[in-house]
Amino acid sequence: MLMKTAINAILKNIESASDYIEEDVITEFMEVLTSSENVFVMGAGRSGLAAKAFGMRLVHLGISAYVVGETISPAIYEDDCILAISGSGETNTIVSAVKIAKNRGSKALSLTSYPESSLGKISDVVMLVQGRTKIDVDDEDYIKRQIEGNYASLTPLGTAFELTSLIFLDGLISELMYKMGKTEYDLKYRHTVFE
């Protein structure tokens, strides 16, 4: 069944994510997040959904967080930071927004599979999240990959990157909870009551 193969491919990518964790990068990431007046999160498409989920958890931790593009997002200033998620690191809207934030003096954090991308080059801290992205799609070698048992196409476009980013950021929330001395009860206190 293809569904099982796809799920296993996604899980394998997520499991390998911890191989790329660099403690000094995580420490620097957390330092910027906790010392910023406001944290702005963004991503395009499904990466944007991962960014929104992370932004929500930051709010639960008591960190002032906004989603770029939402009507209630204020201006960004030098005491703020922006966290951008882009598998390719070349999404125009993401790179443009980070350039604006940098020009206003804020720090830039990024999650990408390509640290040498345009996004990676303008970011203060880059977190590598390995995953097949939409720019890795190559129909020329499709049959060869199938013969070799490489079913990467079963995780279409950026699926592996996006889901790995979501899990990765949830792991980062655990680190932030520990660093900030927060418990699950603290997060629940700030959780919405309009459900």
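The values are calculated or read from the model by the stated rules, or taken from the named source; none is laboratory data. Just so it is clear, the model here is predicted, and its values are computed rather than measured. For accessibility, only protein heavy atoms count, side chains too; no ligands or nucleic acids. Shrake-Rupley method; radii C 1.70, N 1.55, O 1.52, S 1.80 Å.
Quick notes on this one:
- Expected 222 nm ellipticity per residue - DSSP helices of 4 or more, -39500 (n - 2.57), all of the chain, to 500: -15000 deg cm²/dmol
- Each DSSP beta bridge with both residues in the chain is either parallel or antiparallel, and the antiparallel ones are about 0%.
- Take the Cα radius of gyration of the chain and divide it by 2.2 N^0.38 Å, N being the number of residues; the result is 1.06.
- Among Leu176, Leu128, Leu11: highest mean-square fluctuation, GNM of the chain, C-alpha pairs under 10 Å: Leu11
- Rounded to the nearest 10 Å², the accessible area of Thr71 at probe 1.4 Å: 140
- Principal-axis tilt of helix 159-180 within the chain, Cα atoms, nearest 10 degrees: 30
- The range 1-97, accessible surface, carbon-and-sulfur percent (1.4 angstrom probe): 54
- Think of a 1.4 Å ball rolled over the protein heavy atoms: the chain then has 57 Å² of accessible area per residue.
- Potential lengthening between Ala75 and Ser16 on full extension [0.36 nm per residue; Cα-Cα distance subtracted]: 17.5 nm
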